[in-house]
1. How much accessible area per residue does the stretch 1-149 have, in Å², with a 1.4 Å probe?
2. Please give me the summed charge of the neighbours of L44: other residues whose Cβ is under 12 Å from its Cβ, Lys and Arg +1, Asp and Glu -1.
3. Net charge within 15 Å of V271 by Cβ-Cβ distance, Lys/Arg positive one each and Asp/Glu negative one each, not counting V271 itself?
4. Spelling out what I want: for every residue of the stretch 390-403, take phi, set θ = phi - 60°, compute 6.51 cos²θ - 1.76 cosθ + 1.60 (Karplus), and round to whole Hz; glycine and proline get x.
5. Under a crude label model (7 Å from the Cα following the beta-carbon direction), how far is S106 from R121 in nanometres?
6. Under 5 Å between amide hydrogens, which residues at least 5 positions from Q381 or on another chain qualify, with H placed 1.01 Å from N in the peptide plane?
7. What list of ³J(HN,Hα) values in whole Hz, one per residue of the stretch 374-385 in order, does the Karplus curve 6.51 cos²θ - 1.76 cosθ + 1.60 (θ = phi - 60°) give from phi, with Gly and Pro shown as x?
8. Students sometimes get this wrong: rank L278, L376 by accessible area, probe 1.4 Å, all chains present, largest first.
Amino acid sequence: MAATTAADSRLLVIYASETGNAMDAAERVGRQAERGGCPAVDVLPMDNFDPSCLPSERFVVFVVSTTGQGDPPDSMKGFWRYLLKKNLGARWLEGVRYAVFGLGDSGYQKYNFAAKKLDKRLLHLGAEPIIQVGLGDDQHPSGYEGALDPWLLSLWESLNQTTPLLLPRMSDIINPDLNILGDAKVEVIYHSSDKAQQDSNHLDSKNLIQRARSMSPALQFYNNDKEPHYMLQMVSNRCLTKENSDRDVRHFELENPSSVCSLYHGITYQVGDALEILPSQSPSAVDSFIERCKLDPDCYITVMSFFATAEHEKEKLQYFASPEGRDDLYQYNQKEGRTVLEVLEDFPSVQMPFEWLVQLTPPLKKRAFSISSSPLAKPNQIHLTVSIVSWRTPFKRMRRGLCSSWLAGQNPNEENLIPCWVHHGSLPPPHPSTPLILIGPGTGCAPFRAFVVERAAQSTSEATAPILFFFGCRNQDNDFLYKDFWYAHVHDQGVLSSKNGGGFFVAFSRDQPQKVYVQHRIREQSARVWNLLKSGAAIYIAGSSTKMPADVTAALEEVICQESGCSEEEASIWLRKLERNGKFHTETWS
């Protein structure tokens, strides 16, 4: 009889998350496995797991999201590169059983592409699938959980049939006893307020943030990203849209105050990078939090039911925590964008022990924005172009984006430091000699403002290639972002001037009865686009992730067909070849 190893009784759950949803789903997988009595469960972010150790595992669940146009999250990229090594044979993962669940949006052309690619590659490397890949869809009435619930049930049933010792309490997963709650996983040690005050006096802002984020169980493995890269000061907060416009888009300028009066050479970044910002809660929200608490909607509902003293509240919470109540919970909570504080106020009898608050309180998420400045022109500043997010829920509640609203409320005349991280985006910096075709409607113009600024700076000392830029907005009078800036580079010898082979083309979608978008302007400039493509141009697309990227791609294919006389299929192949050669890049957001 073969000896049993630790891996034989362990379930490893690995996730790659961009916004936190994949992390939430992975933690739910881990909680259910623990409820089923699994002897050992580990839930890890993908960039904290050494992929060379994968063959020594026996049971692995992967939870991965798809970003942009089929891109994997940043935390998955290193892991994926390792799996693509040519020296990994078809039997490298023999003996490993796996399952993959993806989180995506069927509105994207490459729906759940990262999960599908991962599943296919694991199979090619000799791993055995436990069940078929699961595909969570944001378009489902219950969000990704509409697919996660049945997928998890199939996963546990399959594992229980083949390896019953892995889940000795399988019945507790299928029919959980909502009257039994285990111990909290964290221990709270109390210190006097005097000692805590003394400790905080010795810490600067970066260290305080690092220590605070270290206390979150969800961030315990993110050792390299807890401390901000920079603490930046806002020096400009300017509205780019008209006051009566239905959209509020801001231009922010952030500066590194520590380098203004020192020999330090500014901020290290390049065009195409993204700036992640950790916002703060408003003081009133913090005060309310102190009175109640803030918890993760997907995990606190079940725990709340244990601490509700009013019977009708307990019954409602238990219903929400059940599979039958999943759709109603989604409508009540996620669709309405309810804050945890609002949920807790709906159930006033719930009094949560502090240990559970610490365990279930999610860390505040960072928000990423495309950088709209160039270090060649502003070495000590980073500029951002941000749409201030607001929307109405199905029940007409007004909601506002936390980070964008917080940034809009910052006063440049006050010394408020903003925690920031710089990360590479999806748009690599182009070489000065590469012609560019840029398509960026709305706030998609942000990275291309940086590209234009950088090329203008480069043109003062070397020869540069031309740029065609296609911009779109609703109205010329209300939301023509950076109008003066673009036209300044169109005139005379600017990098967008026709004299230099460049061009600037705007689509105002609502200024005439027939809507006009950037793809229409691309078709109108068919000959110029094709001539630049023939000369080796790179294509960059940025903006909304809904229909725009697909419509723009279709317009480019039409241009290639019309100007070269090739077929639609040949035009599509031509663009895919351009992408493989590193000359077709897309960065989109929802």
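1. 42
2. -4
3. 0
4. For the stretch 390-403, the Karplus curve yields 8, 7, 10, 7, x, 9, 6, 7, 7, 10, 10, x, 4, 6 Hz.
5. 2.7
6. Sorted by chain and number, the residues that satisfy this are I267.
7. After applying 6.51 cos²θ - 1.76 cosθ + 1.60, I find 10, x, 5, 9, 10, x, 10, 9, 10, 9, 10, 10 Hz.
8. L376, L278
The values are calculated or read from the model by the stated rules, or taken from the named source; none is laboratory data. The structure presented is a predicted model; accordingly, all values stated were derived computationally and were not measured. Quick reminder, even Gly has a Cβ in these numbers, built from the backbone with ideal geometry, and neighbours come from all protein chains shown. Accessible surface areas use protein heavy atoms only, side chains included; no ligands, DNA or RNA. Shrake-Rupley method; radii C 1.70, N 1.55, O 1.52, S 1.80 Å.
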